[in-house]
Amino acid sequence: MKTCKIFTLVFAVVICTMTSCFRPDGTATDDTGNKLIGYWELVHILEETQRYDIYENGEAGTPYFNTNSYDIACNDGRKEWCIVRFTESTMSIVATDDPELVAIIDLPVPYTFDGKKLVSAFINLDFSESFAEVKFRNENSMEFYILDEGDIYNEESGKPEAHEKYQSWTTYRRVTNKN
Amino acid sequence: MFSILFICAMSLFNPIVAHENDDVAVATVVESTISANNESNQVNEAPVLNERFWRKRKSLRFGYEMNVLQNANGSVYPEVFGVGFSNVRNFWLHKKPIANCLKFAFDMGFDINYTLLDLADDDSYTGPSGYVGTEPLPDGDGEALVDLTSIGSHYFSVGWALGVSVTVNPVAKLRVAGYAHFVPSAAMHFSGLSANIGFMPYLKYGCELSYGAVGLGAEWGTAKGKCTDLISSFMSESENSVAPKSLLYSNYTKLYIVFRFGR
């Protein structure tokens, strides 16, 4: 009986300690002021690609640079124009001129935004951690910065054969034509 | 006179009559034993009932859940409904009830929760919408094999509850119980293009009131976990891509019906 009592006491202490250790914060608080909420139209893209080959001896080849900067408009032939909607917790494509995106129009996808980093299934990078840095120029204009950098490996040898760095700055304008 | 004496003698030495007398004596003893047993049964009924009460150690709980799921920036995913199911077993920490009515237990069992979320809320947007391109749609008018928008948004959590409970048996079969459970859980927040999977350590506490095998209870739970988007990492062309991670908060209130079993 005495052993049982001691066991009970020890067990109660262990459980209390365990639960207090893992006690979660409770609720999250929104101290960022989510300026994303609303409708945004993609209007401009600036992208920069750097790439160089990596030789077998480990030396880097001559770097290759490519920069593109262009405005986006509906049906301009690029199939990149879209209107994106942000609610409090999800983002979705509301309108697009790309026929391949028809299946995901109005599909709400959860996102998280801490005031700087935007994480969503729509942002899917090959090498780096998948997120976009958001900068608000003013109330009605914002820019997404994406950096994707890493080595490309040879499938047979498993050794790096090239290094690639891709950066893009996409500008969105707030759509205000809603009732 | 002689005949009367003969009959008397026969009656004294007749074995049948002697047996009948024996039977009567045995019957009297049995009756007295039965009556004694009945009396002792009445006296022992309370402890037997009490023992049966404490034998009901298994409990099945089916509940309706109001789950508030939040992301890192505090945004709430609107809920349609939630349900929860758990199968918990009490392991009494001591044999005899304290004051003949109170017992402490170690609890263990599995715990499953499901929440249907509604992410597609409408508003009064009147701008361009849908496909506005000039190119013809691909075969099938661009319809995917699975309509992703119809899949909806779902949250599951499956865990193993560990904790302590206290049970009081104030009168008859009435049971008042309170518990605190730590439930390490695997959680998945699935929504069309994303499937966030992560570890959600729940802290759950609740109370229940039951009579016999059926009762009602309320439970509160809270958890915070980091989830990884699996679909994003599968869709990525590079093996070196890092799947995005996001924080998820869950706070819920559950009202449930409980069924108790035991040998």
**OP:** Report the accessible surface area buried between chains B and A, summing both sides, using a 1.4 Å probe on protein heavy atoms only, in Å² rounded to the nearest 100.
**Re:** 5300
**OP:** Calculate one ³J(HN,Hα) per residue across region B:67-74 by plugging θ = phi - 60° into the Karplus curve 6.51 cos²θ - 1.76 cosθ + 1.60, and present them in order as whole Hz with x for glycine and proline.
**Re:** 9, 9, 9, 10, 8, 4, 8, x
Subject >> Residues in region A:95-109 that, when all protein chains are in place, have 40 Å² or more less accessible area than the chain alone would give (probe 1.4 Å) >> reply: A:Pro99, A:Val102, A:Ala103, A:Leu107, A:Pro108
Subject >> region A:75-92 - phi-based ³J(HN,Hα) in whole Hz, Karplus 6.51/-1.76/1.60, Gly and Pro as x >> reply: 6, 8, x, 7, 6, 10, 5, 7, 10, 10, 10, 10, 9, 4, 10, 9, 10, 8
**OP:** Answer with one residue from A:Phe131, A:Phe113, A:Ile152: the one whose Cα lies farthest towards the positive end of the charge dipole of region A:38-174, charges on Cβ with Lys, Arg +1 and Asp, Glu -1.
**Re:** A:Phe113
Subject >> Summed side-chain charge close to A:Val119 - residues other than A:Val119 whose Cβ falls under 14 Å, Lys, Arg +1, Asp, Glu -1 >> reply: 0
Original post:
Hey, what's region A:38-174 come to in accessible area per residue, 1.4 Å probe, Å²?
Top reply: 49
Original post:
Where a ≥ b ≥ c are the square roots of the eigenvalues of the C-alpha gyration tensor, would you call region A:82-179 rounded, which needs a/c under 1.5, or, failing that, prolate if a/b is larger than b/c, or oblate?
Top reply: prolate
Original post:
A:Leu107's amide H: which non-local residues (gap 5+, or another chain) put their own amide H closer than 5 Å, with H modeled 1.01 Å from N in plane and none for Pro or chain starts?
Top reply: A:Ile93
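The values are calculated or read from the model by the stated rules, or taken from the named source; none is laboratory data. Computed from a prediction, not measured in an experiment: that's the story for all the values here. In this analysis, Cβ positions are derived from the backbone assuming ideal geometry, glycine residues included, and neighbour counts consider all displayed protein chains. When the accessible area is computed, the model is the full protein with side chains, heavy atoms only, and any ligands, DNA or RNA have been set aside. Shrake-Rupley method; radii C 1.70, N 1.55, O 1.52, S 1.80 Å.
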